[in-house]
Amino acid sequence: MSRYTSITDSDRRAMLETIGAGSLEEVFADIPAEVRLDRDLELPPGMSELEVTEHLSALATRNRSADEEVTFVGAGMYDHYVPALVDSITQRSEFLTPYTPYQPEISQGGLQVMFEFQTAVSELTGLPVANASLYEGPSSVASAGYLAKLENGRGKLVASRGLHPHSRETLSTYARGFGSRVEETPLDERGATDLEALAAAIDDDTSAVFLQQPNFLGTVEEIGPLVEAAKRTGALCVCAVDPLTLGILKPPGEYGVDVAVGEGQTLGNRLDFGGPSFGFYAAAERYLRKMPGRIAGETVDVDGKRGFVLTLQTREQHIRREKATHNICTSQALNALAGMVYLAWLGRRGIVELGELMARRTDYAREALGLEAINPGPVVREFAVRVPDLDRLMESAREDGVNPGYRLGQDYPEYPDGLLVAITERRTRADIDRLARHAAAVRDEVPA
Amino acid sequence: MSQSKVIGFAPGGEDTVTIYERSQPGRRAFVAPPIDVPEAPLEELIPQSERRAEAPALPEVSEPEIVRHFNNLSKNNFDLDTGFYPLGSCTMKHNPKVNERVAAFPGHARLHPAQEARYAQGALELMSRLGRALAEVAGLPHVSLQPSAGSHGELAGLLLTRAYHDDRGEPRTKVLTPDTAHGTNPATVRMAGYEVVKVGTAPDGGVDLDDLRRKADGETACLMLTNPNTLGLFDRNISEIARIVHDAGATLYYDGANLNAVMGISRPGDMGFDIVHFNLHKTFSQPHGGGGPGAGPIAVSDRIEPFLPRPQVVEVDPGNGTAPVYDLDLVRPKSIGRLRGFAGNFGVFVRSYAYICSLGGDGLREASDAAVLNANYLKARLAEPGIGEHLPIAFDRPCMHEFVLSGQGARRNLGVKTLDIAKRLLDHRVHPPTVYFPLLVDEAMLIEPTETEPKERLDGFVEAVRAVLEEAAEDPEVARGAPYTTPVRRLDEAGAARRPVVRQPPAGAEPPGDPGDARQVTSGSL
Ligand SMILES: Cc1ncc(COP(=O)(O)O)c(C=O)c1O
């Protein structure tokens, strides 16, 4: 039953009369009998709103949310606090229910948000131009690979294994389509990108080189020499970044990277079991007319009044079709709005303070756990350790309502006993100490 | 020029000031939690070479002023909850409020994507149930929920096509798209490494079968089709099209942007399609969000299934009579791989699943019936004297959920273009149709009312269009200068592209530099 329609029987009669049809069947006459569904859809009957709420609630309670445990799981999405003002703004109908601002005169709110968002991304990354969002992190990485293909036509993409495993896999998926191949280069014994191996993999056919800061293990990479190696043969250098660390970490633009991309969930977006969040994409000026996604630009109206429009649309599918530089259409405007509101809330000093808090707690946590570090160098929000009996730690901690982290072995056979531990402003010293007690138990009982 | 008689839009009222221009050093909204660990100097934690020297110039604004800023911005947007939004091809149907509530349950919204499957059974079951419902609507057995929007689904579909042909040792080079296709189709073809071959449209608005027969050959990997197509017409020859494509050994891809016309009436799988994408933000009521988020799940036939993206939700029957257990299958040796991180836009899945639960099978069918009835009613009313001679229907056949008018008549008879009519409609507080798409129709207006509009709204739109045309007959300058009552009036798009200002200039920066190679683009096209 559809309670969202309002056609009464008498409406229907009047409307059919206006149409000049005896029945709706006549209107559907163009659909040949052989492709008509001659039965009802095999779906349960409709439910009342109350029943829907109860059914969905019953499903939700069968998940263990980050409210029900102390979670140290990160691996690309993090349990950060989302301030109340984000929800109150993103739930406004005027932001929630329009579509892409094709009619700028009645979409100035959304367009100005895009412009402000682009500014924030540009500020964070230290790159002059940014778009108004892509889907999420890994597909943004892959989209940078496509830009490199359009730019230089070369066939090889070199990716450090410090790049998120989902990003590497997504890059490979896309690359098989546009005709490049991905070569991965290893991490060294300190959990950082092996510079020599990376440099050795880069040749004249290398289209782009992919790095991540901090890398998937949480290591703060020494980016400068890696960028230098990437640039030697004229390859593009793409760096994935966690925007919430950019209050304290050097912006990718200052290292001379061509494109900075990343996952935006950490900026005011929910965990949502993986999405929706947003991807961001910033680049050096020379890619402005090739980069993907919507871009808002400032202009004036016929009365000289300041306003905003979608601009540089000759990059996009709706104008250039097969000559477009990407196929994206619907992206993640509402999630980018959440990101912008969050960044306004955090502000210029807040993003530094939050970064410092994370770095200090992360340092404290690594010490407190007392386990062998896979990446003993600098870290800011996440670190990897070897756990003598990982199964036992997982079991004992989880019984106590603590989720110790992400098992590295599922993506890195080279770290079968690795645990990736993430810290946010929500993980207090008391939480960390609680995890440390479980770590101490497995550390002390298993002989080295 | 005569001024507007219509007082419509209520702009936010504030001058255009960005959040950066509201910033004052020392203001703040955020207060950090106390530092409860030793305050190690940052220099000891992060080497100077990797540290940021100067804080990013984010705004410094207090919470009350942030709230006002964004609330005032919101008032400069027109939205579906406020008024009629017949934007063709976009299915601007009502977004049920209950969906927002259930999506915000902590069990959904606060669930970490790397949570182990045994602690995410509710989420995986929801995904499995949604997948089964979509499979039933599509008439195809296997679903991947992973793609993030329609065009991501298209990319998935062509990568699956590539994997399918490669697996048979028969790689191919070309993909066919009709000239009525949405821009994402040809753009996707290129991203997937194929060559675009355009297929013509017959006089009845369907695929030109002779042209298709000429072009479908051993190099053809796929035909991408929308049915009903972007003209709002159901292609009567769909079975023959499927036969031609399959005889050539190619796959048939269904762009599901227009699925809202045929739920429970006709299924893409039964039409012969191999791969279908859904736009959950169109057909299944996910709010459009000002341009996303959406989701673009795909459904496929048995022969395509082995190649579906990783991970796949799987249902495992424990075999001892207890309830099924759900898991994510990451192995899938023939899979094309991931298209994104984690398992997809789960928050969108929750809303669309709630929508399907609310409507049920019969309700989905009713929604499509009503969408088609509304479209045909509006089409009939817009053919009335005073309107029809200026905005003739492009293809005079019963339409499905949308239809295309041509502004050719208005341009000739009244001297106003489709763009002018669209802009003048803004003063009447309705969102204009999609304009200048599909490209096939001169001065096109693609109108999709959706099923959630009552008859009175449709009648109101007819009267607005009539008023615009009558006014243009008296004085075309009014429409040419419109809109008048919106927060801003027509904007200089060419100038914006010539001298792009795409961010707030950093403090002390030079004004924007040299004009680039700007090209005039048509405002408002899709
Ligand atoms: C016919 C058609 N195909 C494909 C798309 C692309 O879908 P999305 O915007 O979700 O990527 C659209 C959306 O506007 C469309 O109307």
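The values are calculated or read from the model by the stated rules, or taken from the named source; none is laboratory data. Computed from a prediction, not measured in an experiment: that's the story for all the values here. Virtual Cβ from ideal backbone geometry, glycine too; neighbours counted across all protein chains shown. All accessible areas refer to the heavy atoms of the entire protein, side chains included, with ligands and DNA or RNA removed. Shrake-Rupley method; radii C 1.70, N 1.55, O 1.52, S 1.80 Å.
Of the residues B:V325, B:V316, only one is surrounded by fewer than 20 Cβ atoms within 10 Å (Cβ to Cβ) and out of contact with any helix residue (DSSP H, G or I) (no Cβ under 9 Å at 6 or more places or on another chain); which?
After ruling out the rest, the residue left standing is B:V316.
Identify the residue in the stretch A:104-160 that is assigned to a helix (DSSP H, G or I) and among the β-branched types (V, I, T) and, among all such residues, is surrounded by the fewest Cβ atoms within 10 Å (Cβ to Cβ).
Looking at the filtered set, the residue picked out is A:T119.
Do you know which residues across the stretch B:142-159 are closer than 20 Å to B:A221 by Cβ, near the ligand (Cβ under 9 Å from one of its atoms) and of a type in the set (S, T, Y)?
Answer for the stretch B:142-159, where residues must be closer than 20 Å to B:A221 by Cβ, near the ligand (Cβ under 9 Å from one of its atoms) and of a type in the set (S, T, Y): just B:S151.
Mind checking which residues of the stretch A:428-438 are surrounded by fewer than 23 Cβ atoms within 10 Å (Cβ to Cβ) and either of a type in the set (D, E, K, R) or not in a loop (DSSP other than H, G, I, E, B) (or both)?
Looking only at the stretch A:428-438, we keep the residues that are surrounded by fewer than 23 Cβ atoms within 10 Å (Cβ to Cβ), and these are A:428-431, A:433-434, A:436-438.
Within the stretch A:428-438, A:R429, A:A430, A:D431, A:D433, A:R434, A:A436, A:R437, A:H438 meet the criteria.
I want to confirm something. Restricting to the stretch A:389-413 and keeping residues that are open to solvent by 10 Å² or more (accessible area, probe 1.4 Å) and touching a residue at least 60 places away in the same chain (Cβ under 8 Å), which single residue is farthest from the other protein chains (Cβ to nearest Cβ)?
Only one residue fits best here, namely A:G401.
Among A:V257, A:V300, which is the only one that is touching a Gly at 6+ places or on another chain (Cβ under 7 Å) and not acidic (D, E)?
The match here is A:V300.
Residue-by-condition table, conditions (1) in contact with an Asp or Glu (Cβ under 6 Å, 6 or more places away or on another chain); (2) within 16 Å of the ligand (Cβ to nearest atom); (3) assigned to a loop (DSSP other than H, G, I, E, B):
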| position | (1), (2), (3) |
| --- | --- |
| B:H246 | no, no, no |
| B:N258 | no, yes, no |
| B:D270 | no, no, no |
| B:V276 | no, yes, no |
| B:L280 | no, yes, yes |
| B:F284 | no, yes, yes |
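What is the residue count in the stretch B:314-352 for residues that are touching a strand residue (DSSP E or B) at 6+ places or on another chain (Cβ under 9 Å) and under 18 Å from B:V276 (Cα atoms)?
Here the count works out to 3.
B:A242 fails exactly one of the following numbered conditions: (1) assigned to a loop (DSSP other than H, G, I, E, B); (2) open to solvent by less than 10 Å² (accessible area, probe 1.4 Å); (3) within 12 Å of another protein chain (Cβ to nearest Cβ). What is the number of that condition?
(1)
Would you check if there is a residue in the stretch B:288-303 being more than 14 Å from the ligand (Cβ to nearest atom), without any contact (Cβ under 8 Å) to a residue 12 or more places away in the chain and either under 28 Å from B:R397 (Cβ atoms) or more than 9 Å from chain A (Cβ to nearest Cβ) (or both)?
no
Could you run through the stretch B:271-303 and say how many residues are among the basic types (K, R) and farther than 11 Å from B:S352 by Cβ?
The qualifying residues number 1.
So, in the stretch B:382-399, how many residues would count as being within 12 Å of chain A (Cβ to nearest Cβ) and open to solvent by less than 30 Å² (accessible area, probe 1.4 Å)?
3
Looking at B:G361, B:G337, which one is assigned to a loop (DSSP other than H, G, I, E, B), of a type in the set (G, A, S) and facing chain A (nearest Cβ under 8 Å)?
So the residue among B:G361, B:G337 that is assigned to a loop (DSSP other than H, G, I, E, B), of a type in the set (G, A, S) and facing chain A (nearest Cβ under 8 Å) is B:G337.
Suppose we filter the stretch A:353-383 for residues that are open to solvent by 10 Å² or more (accessible area, probe 1.4 Å) and out of contact with any Lys or Arg (no Cβ under 8 Å at 6 or more places or on another chain); how many remain?
8
Kindly indicate which of A:Y406, A:Y342, A:Y364 is over 21 Å from the mean Cα position of the chain (by Cα) and of a type in the set (F, W, Y).
Result of the check over A:Y406, A:Y342, A:Y364: A:Y364.
Go through (1) farther than 30 Å from A:A441 by Cβ; (2) open to solvent by less than 10 Å² (accessible area, probe 1.4 Å) for A:A333 and report which single condition fails.
Only one criterion is unmet by A:A333, namely (2).
Using the structure shown, decide if B:V196 is facing chain A (nearest Cβ under 10 Å), of a type in the set (V, I, T), open to solvent by 10 Å² or more (accessible area, probe 1.4 Å) and within 16 Å of the ligand (Cβ to nearest atom).
Considered against the rule, which asks whether it is facing chain A (nearest Cβ under 10 Å), of a type in the set (V, I, T), open to solvent by 10 Å² or more (accessible area, probe 1.4 Å) and within 16 Å of the ligand (Cβ to nearest atom), B:V196 comes out as yes.
Could we say that B:V61 is modelled with pLDDT of 95 or more and open to solvent by less than 50 Å² (accessible area, probe 1.4 Å) here? I'd like the intermediate steps shown before the answer.
Values: modelled with pLDDT of 95 or more: yes; open to solvent by less than 50 Å² (accessible area, probe 1.4 Å): yes.
For B:V61, the condition - modelled with pLDDT of 95 or more and open to solvent by less than 50 Å² (accessible area, probe 1.4 Å) - is met.
Would you be able to say whether some residue in the stretch B:212-220 is more than 24 Å from B:Y377 (Cβ to Cβ), in contact with a Lys or Arg (Cβ under 7 Å, 6 or more places away or on another chain), within 13 Å of chain A (Cβ to nearest Cβ) and not charged (D, E, K, R)?
No - not one qualifying residue is present in the stretch B:212-220.
Yes/no matrix, rows are residues, columns are (1) at pLDDT below 95; (2) β-branched (V, I, T); (3) open to solvent by 10 Å² or more (accessible area, probe 1.4 Å); (4) part of a loop (DSSP other than H, G, I, E, B):
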residue	(1), (2), (3), (4)
B:V465	no, yes, no, no
B:A472	no, no, no, no
B:E477	no, no, yes, no
B:V488	no, yes, no, yes
B:A496	no, no, no, no
B:R503	no, no, yes, yes
B:G508	yes, no, yes, yes
B:P511	yes, no, yes, yes
B:G516	yes, no, yes, yes
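On the given criteria, is A:Q103 away from the ligand (no atom under 16 Å from the Cβ) and modelled with pLDDT of 95 or more?
Criteria not met by A:Q103.
This table checks each residue for (1) buried (at least 16 other Cβ atoms within 10 Å of the Cβ); (2) at the interface with chain B (Cβ under 7 Å from one of its Cβ atoms).
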residue	(1), (2)
A:T5	yes, yes
A:R36	no, yes
A:L41	yes, yes
A:T53	yes, yes
A:N63	yes, yes
A:G74	yes, no
A:Y81	no, no
A:T90	yes, no
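Do we have any residue at all in the stretch B:146-153 that's aliphatic (A, V, I, L, M) and open to solvent by less than 10 Å² (accessible area, probe 1.4 Å)?
Yes, the stretch B:146-153 contains a residue that is aliphatic (A, V, I, L, M) and open to solvent by less than 10 Å² (accessible area, probe 1.4 Å).
Which residues, counting only those in the stretch B:408-442, are more than 24 Å from the chain's Cα centre (by Cα), open to solvent by less than 10 Å² (accessible area, probe 1.4 Å) and closer than 17 Å to B:L87 by Cβ?
Within the stretch B:408-442, B:R424 is the sole residue that qualifies.
Taking the condition of being closer than 21 Å to A:T71 by Cα, more than 7 Å from chain A (Cβ to nearest Cβ) and charged (D, E, K, R), how many residues in the stretch B:71-123 meet it?
Looking only at that region, the number is 2.
Tell me which residues, restricted to the stretch A:202-243, are farther than 19 Å from B:L42 by Cα, within 14 Å of chain B (Cβ to nearest Cβ) and assigned to a helix (DSSP H, G or I).
A:G224, A:P225, A:L226, A:V227, A:E228
Taking the stretch B:137-156 as the search range and keeping residues that are more than 23 Å from B:R332 (Cβ to Cβ) and not hydrophobic (A, V, I, L, M, F, W, C), which one is nearest to the other protein chains (Cβ to nearest Cβ)?
By that ranking, first place goes to B:S151.
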